[in-house]
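Here is the structure we will look at, set down as structure tokens.
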Amino acid sequence: MRKSQTKGYLLEIVLERLLKVNGYNVISEPNEDDIVRKGNGLNVVGRGALHQFDSLGTLKSTPPFMYPLRIFLEAKFRKDRTGIDVVRRGVGILQDINTNYSTVNMTEYQLTLPRYNYNYVVFSTSGFSKEAQKYSIAHKIYLVDLRSQFIHLKIGIEAIVDLWFNTYSNGGTITKERFQRLSDYFKKILSYPNQNINSNYAVPVNNEIHGLINEMLDEISQKPIYLANTNSSQLVPLIPDNNDQFIESLKISPHQRVIITRNNQENTWTVIGRENTENGFILSFELPEIFLNYILSDNNNFDKMAYNVKEEFLSKFTFIAYLGNDENPTICTLTFDKDATKRLVAEINNGSQQ
């Protein structure tokens, strides 16, 4: 195993935890119906081929009049921007799998098999090309850029991999067997943070490696990512400033009106809920480049364009959160409050002028 491969695999493990936070059960075993194990790992049975996946999750709750939702998660840990070829691959997979149902000569057993509606999301540590972004919108593929707000994930994984290779590599590579044991250890710590895994582990893991992994666990536990749908084609990752406070506020009301502001110097947006109350919370997000470029297209009316984006594309965030236990996720919504936002912006502007 080379370093580049190892970083990609660890990113997949971290993002699997993200799926769980957002209400998905991660598929880890074959069922011999539509999920089978082959030499390259787990595969989904399509109409014309088998399709290996990095991570695949099934949403725990299904809205009426819909098949249960499944989502492919693909992780790209690379230096260059992720291009249109990756998005094309996702389009082809969805086309093959979402048409894999036929009622011609159907058996009674096939009649009882569950049907799924598949979606596809790509995470990239290096962003996406303009062509990839446009193609994804046309074909309903979701893209998540991990370059800035999620830089801690990239830095943490690089530090862990560098230490692994310094400790266990032979000639610049790690054997697949050793990598498997190390990655299993990494996955178990992220999945069962309160258990003493290290003492019973097959590969001796030194305190430095253990410490780096725990730092990664703290980061993703304190700042989980909530994947929110909007009234646009884009998926918006929301990051709470204080997750415990955010969850407590949602327990009081999972549907709230919020203030949305932007940083004038950066592509950073802030969501403020229950302002100036003990149940208040702050979230941050970034817009996809293609939307940011749309706002910047008219520099003379930047503020007006920003408000238009909020009203047209960000008027409501819909996402899933666990408010009681890990078995019953709750659908939550945050709706843009234009009047409250204007009042806050006016107060900030008046204060800066004094």
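The table for this structure:
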quantity: Globularity index of the chain, i.e. its alpha-carbon radius of gyration over 2.2 N^0.38 Å; calculated: 1.07
quantity: Order by protection proxy (mean Cβ within 10 Å, highest first), peptides 120-128, 274-282, 170-178; calculated: 120-128, 274-282, 170-178
quantity: Kirkwood Rh in Å, taken over all unlike Cα pairs in region 226-353; calculated: 15.3
quantity: Other-chain or far-sequence residues with amide H under 5 Å of GLY127's (modelled H); calculated: THR82, LEU146, ARG147
quantity: Using θ = phi - 60° and Karplus 6.51 cos²θ - 1.76 cosθ + 1.60, couplings along region 48-56 (whole Hz; Gly, Pro as x); calculated: x, 6, 8, 10, 6, 10, 5, 8, 9
quantity: Range of Cα positions in region 1-145 per principal axis (Å), largest first; calculated: 50, 33, 29
quantity: Restraint check, LYS20/LYS130; LYS140/LYS188; LYS38/LYS188, Cα-Cα greater than 28 Å; calculated: LYS20/LYS130; LYS140/LYS188
quantity: Extent along principal axes [Cα atoms of region 8-71; Å; largest to smallest]; calculated: 35, 30, 17
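Bear in mind these aren't lab numbers, they're just calculated from the coordinates by the rules spelled out. No experiment lies behind these values; they were computed from the predicted model shown. Counting neighbours? That spans all protein chains shown, and the Cβs are built from the backbone with ideal geometry, glycine included.
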